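What follows is a set of notes on a single structure, which appears directly below.
The values are calculated or read from the model by the stated rules, or taken from the named source; none is laboratory data. What you see is a predicted model; the values in this text were computed from it and never measured. Quick reminder, even Gly has a Cβ in these numbers, built from the backbone with ideal geometry, and neighbours come from all protein chains shown. Side chains included, ligands, DNA and RNA excluded: accessible areas come from the protein's heavy atoms. Shrake-Rupley method; radii C 1.70, N 1.55, O 1.52, S 1.80 Å.
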Amino acid sequence: MLKVDHVRKEFGKVRAVSDVSFEIPKGITFGLLGPNGAGKTTSMRMILGILVPDAGSVTWDGGAVDGSMRRRFGYLPEERGLYGKMKVADQISFFGRLHGLVEPEITRRTNAWIERLGIGAYAGRPCAELSKGNQQKVQVACASVHEPELLILDEPFSGLDPVNADMLLAILRDLQAKGTTLVLSSHQMWQLEALCDRFCIITRGENRASGSLAELRAAWATRVLRVAPGSDAVRAVLDRIPGASFVASDSGAVDYAVPANTDFRGALKTLVEADAVVRFDAIEPSLHDIYIKTIEEAA
Amino acid sequence: MNDFIVVYSAEFLRRIRSRPYQIGFIVGILGIYAMAKLPSLMVGGMLSAGSGVVVAGAPSLTAPAAKALAGDFKIVATKPGLAPPAIADLKGRDAAFWVTLARSKSGLDVTIYSDKAKSDGPSTIAGDLAPLNVQLGADVPAATAANLVDLKPRVVQLSTKFSNSKDATATWAVAYTLIMFLYVLILVNSQLVMSSVAEEKTSRIAELLVASISPVALLYGKVASAATLAVLQMVVWIGFAILLGIAGSGSHAAAAPSGPDIGVLLGGSLTLGLIAAFVALFVLGFLQLSLLFAGMGSLINRTEDLGSISAPLIIPVVAALLVSMAALGNPDATWVVALSFVPIFSPFVLFARIAMTDVPTLQLVLAFAVNVAAVIAISAIAGKLYRIGMLLYGRAPNLKQVWQVIRS
């Protein structure tokens, strides 16, 4: 388990992280969310031991993160970087070697990653000659070639076209299946929602919400009730639900925000009696909704 | 240790395959040819200009001789008697040469005492005194005009290190060449370390590297591989020079002495002690400078800034080179001795002193201790700069901020 316990980090007078805590059980995929400047990258760097927290601690399997532990981690930073003049295959092998792999395993894994990423034609070419998308693929291979126990990816989908984004998603699912613990940050909420088991939303260097999507939704006070047709009779019934408020109407349907503990079965029964209802959806908040609301509340 | 070895081997391969290194290798070899003739050009006249001379012997000879020499030298004293002087006699009078004159069967018997290892002073003195020799030799029946004009003074080297001026001149040339090697190898390779650090920082791969291995292993792996490549260069260059010497000793044996042939001299005058001192001082100098360059290189965000940030480090190295060149001619001057204990200057100046004089053991031990301490101190400072600088993006830090990082 990765445990981040009340870490704080300051750079001179700037406090990048005030108080962040979360626990990540082994083998799960964890989404670290927050606006730009929230402290995500600094938190990731503290997990990796690149930065030392001014307060608090980071532990993996109960022990402080040290050099030998870091060799079992993988990292894809937000700002991508490769040796421009080094050949693709050499680059992947170099990072494998840095993480303790030896021949012939290095060559086997390097070749496997090159094939998996579909960059065989570029294996012998310097990285600088590759397109941005292909460079990013090489970086994913560099971060993953040693099959890390913990893989941290900072904005892994940025700059990728939809085809390559899907390829990366598939690669991350494979790593997930092999038991790699993944920590990733992204502004692509739908991708995180599809991939992550647990989330933590931070802003201004502090935790604002954390848990599984179900837990985050359970803490959400309202649901959106979408009913069609949006007739006067239907709206009259919805107006009578305690705490309900009109949100919008569109394409013959009407949306109302209602308390999460509303008696939906009873409401449906009343609506059916009032009109010929053809649609009744109690819509759960999306991760995007939860994120936006959390950030707004923290502002 | 694994981190260090991986970085070391990767850096080694990356750099040895790089075009700048290969070009530098070849340019170095070509430079050896150029340097072979440079010493005589640089030093010719430099040492003789303004040099003081003591003229000793019978007054009937010293008076016309002093008059003949006055055009090229400052006559600081005329002395009766032919007793050989000590070094202190020259230094006490601020004189570079002590010329004794006596009558002989073939004209004038001239002996020149000097504490300088390399100078064209004796040949100038011989030229100045040739008319006097002709004048005195006119009464000598056996003398021919050619013999009288071609005055051949006896030159005595006043030094505990060299038995004669030929040895001193040869060692001077060897030391000169090795100091040039030292300068080129230290400066060029330190700048290559800086470029490598800057490349990793500006390409943003640095963050990936320090996430995988310790910054210290990264820094030292880089510096060690650069040192190995520099030693490789050094071995090839010196080997080439020795080969030139072996070849030159045959083909140039009968050639006129228009100046020291570095190839010939290296072939015959390189001693194991000098090579050991060279290697040791190269390692110490390279570590001091390359670590400083690496630390400073980690602070820049654009490779275009390399020049501006390296300038403050290059200036003292160039100054050290110039001082060491001067030290070759005056290795026991107080200011030279003092600078041989100052880090950055010391590897160059101390080497010049080791080559040209007998450096007291205590001074040697102290100078090496100072250099080792400087490496440790610079290593700590560079390590701090590197650890923080590699993740520092945005506006380049000013001197105040750099100082804060060092103090943190």
Quick one: is A:Val52 surrounded by 23 or more Cβ atoms within 10 Å (Cβ to Cβ) and of a type in the set (Val, Ile, Thr)?
no
Tell me the residue from A:Val224, A:Val247, A:Val163 that is outside the structural domain of A:Leu76 (by TED's automatic domain parsing), without any contact (Cβ under 8 Å) to a residue 24 or more places away in the chain and either within 30 Å of A:Gly67 (Cβ to Cβ) or surrounded by fewer than 19 Cβ atoms within 10 Å (Cβ to Cβ) (or both), please.
A:Val247
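Residue-wise test of (1) over 18 Å from the mean Cα position of the chain (by Cα); (2) farther than 23 Å from A:Tyr291 by Cα; (3) not assigned by TED's automatic domain parsing to the domain that holds A:Ala38.
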{"site": "A:Arg116", "(1), (2), (3)": "yes, yes, no"}
{"site": "A:Glu129", "(1), (2), (3)": "yes, yes, no"}
{"site": "A:Gly133", "(1), (2), (3)": "yes, yes, no"}
{"site": "A:Leu168", "(1), (2), (3)": "no, yes, no"}
{"site": "A:Leu175", "(1), (2), (3)": "no, yes, no"}
{"site": "A:Thr180", "(1), (2), (3)": "no, yes, no"}
{"site": "A:Val183", "(1), (2), (3)": "no, no, no"}
{"site": "A:Cys196", "(1), (2), (3)": "no, no, no"}
{"site": "A:Arg208", "(1), (2), (3)": "no, no, no"}
Are there any pairs, at least 6 apart or on different chains, whose C-beta atoms fall under 9 Å, with the first in region B:206-217 and more than 8 Å from chain A (Cβ to nearest Cβ) and the second among the charged types (D, E, K, R), and if so, which?
B:Pro215/B:Arg387; B:Val216/B:Asp3; B:Val216/B:Arg387; B:Ala217/B:Asp3
Check whether at least one residue in region A:172-181 is away from chain B (no Cβ under 14 Å), touching a Leu at 6+ places or on another chain (Cβ under 7 Å) and within 29 Å of A:Arg8 (Cβ to Cβ), and report yes or no.
yes
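This table checks each residue for (1) closer than 26 Å to B:Ser214 by Cβ; (2) open to solvent by 20 Å² or more (accessible area, probe 1.4 Å); (3) out of contact with any strand residue (DSSP E or B) (no Cβ under 6 Å at 6 or more places or on another chain); (4) not charged (D, E, K, R).
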residue: A:Val4; (1), (2), (3), (4): yes, no, no, yes
residue: A:Phe11; (1), (2), (3), (4): yes, yes, yes, yes
residue: A:Val14; (1), (2), (3), (4): yes, yes, yes, yes
residue: A:Ser21; (1), (2), (3), (4): no, yes, no, yes
residue: A:Pro25; (1), (2), (3), (4): no, yes, yes, yes
residue: A:Gly31; (1), (2), (3), (4): no, no, no, yes
residue: A:Ser57; (1), (2), (3), (4): yes, yes, no, yes
residue: A:Gly62; (1), (2), (3), (4): yes, yes, yes, yes
residue: A:Arg72; (1), (2), (3), (4): yes, yes, yes, no
Mind checking which residues of region B:94-114 are open to solvent by 40 Å² or more (accessible area, probe 1.4 Å) and more than 18 Å from B:Gly137 (Cβ to Cβ)?
B:Asp94
Against the definition (part of a strand (DSSP E or B) and modelled with pLDDT of 85 or more), how does B:Asp128 come out, yes or no?
no
Restricting region A:123-139 to residues that are away from chain B (no Cβ under 12 Å) and closer than 27 Å to A:Arg71 by Cβ, the one surrounded by the fewest Cβ atoms within 10 Å (Cβ to Cβ) turns out to be A:Ala123
Within region B:198-218, restricting to residues that are farther than 13 Å from A:Arg45 by Cα and either among the charged types (D, E, K, R) or outside the structural domain of B:Ile376 (by TED's automatic domain parsing) (or both), the one that is surrounded by the fewest Cβ atoms within 10 Å (Cβ to Cβ) is B:Arg204
For region A:261-283, enumerate the residues that are touching a strand residue (DSSP E or B) at 6+ places or on another chain (Cβ under 8 Å), assigned to a loop (DSSP other than H, G, I, E, B) and surrounded by fewer than 16 Cβ atoms within 10 Å (Cβ to Cβ).
A:Val278
Could you please find all residues in region A:55-101 being part of a loop (DSSP other than H, G, I, E, B) and at the interface with another protein chain (Cβ under 8 Å from one of its Cβ atoms)?
A:Arg71, A:Pro77, A:Glu79, A:Arg80, A:Gly81, A:Leu82, A:Tyr83, A:Gly84, A:Lys85, A:Met86, A:His99, A:Gly100
Here is a list of conditions, (1) open to solvent by less than 50 Å² (accessible area, probe 1.4 Å); (2) modelled with pLDDT under 90, and A:Cys200 meets all of them except one; can you say which number that is?
(2)
Test B:Ala68 against the criterion of being buried (at least 17 other Cβ atoms within 10 Å of the Cβ) and over 32 Å from the mean Cα position of the chain (by Cα), and give yes or no.
yes
With respect to the numbered conditions (1) within 25 Å of A:His6 (Cα to Cα); (2) modelled with pLDDT of 90 or more; (3) among the hydrophobic types (A, V, I, L, M, F, W, C), which one is the sole condition not fulfilled by A:Ala228?
(1)
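Rundown of residues vs (1) farther than 30 Å from B:Ile87 by Cβ; (2) open to solvent by 40 Å² or more (accessible area, probe 1.4 Å); (3) without any contact (Cβ under 8 Å) to a residue 40 or more places away in the chain, yes/no style:
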{"position": "B:Asp332", "(1), (2), (3)": "no, yes, yes"}
{"position": "B:Thr361", "(1), (2), (3)": "no, yes, yes"}
{"position": "B:Val372", "(1), (2), (3)": "yes, yes, no"}
{"position": "B:Val375", "(1), (2), (3)": "yes, no, no"}
Sole residue being outside any loop (DSSP other than H, G, I, E, B), of a type in the set (A, V, I, L, M), buried (at least 23 other Cβ atoms within 10 Å of the Cβ) and at pLDDT 90 or above, chosen from A:Ile114, A:Ile47, A:Ile106:
A:Ile47
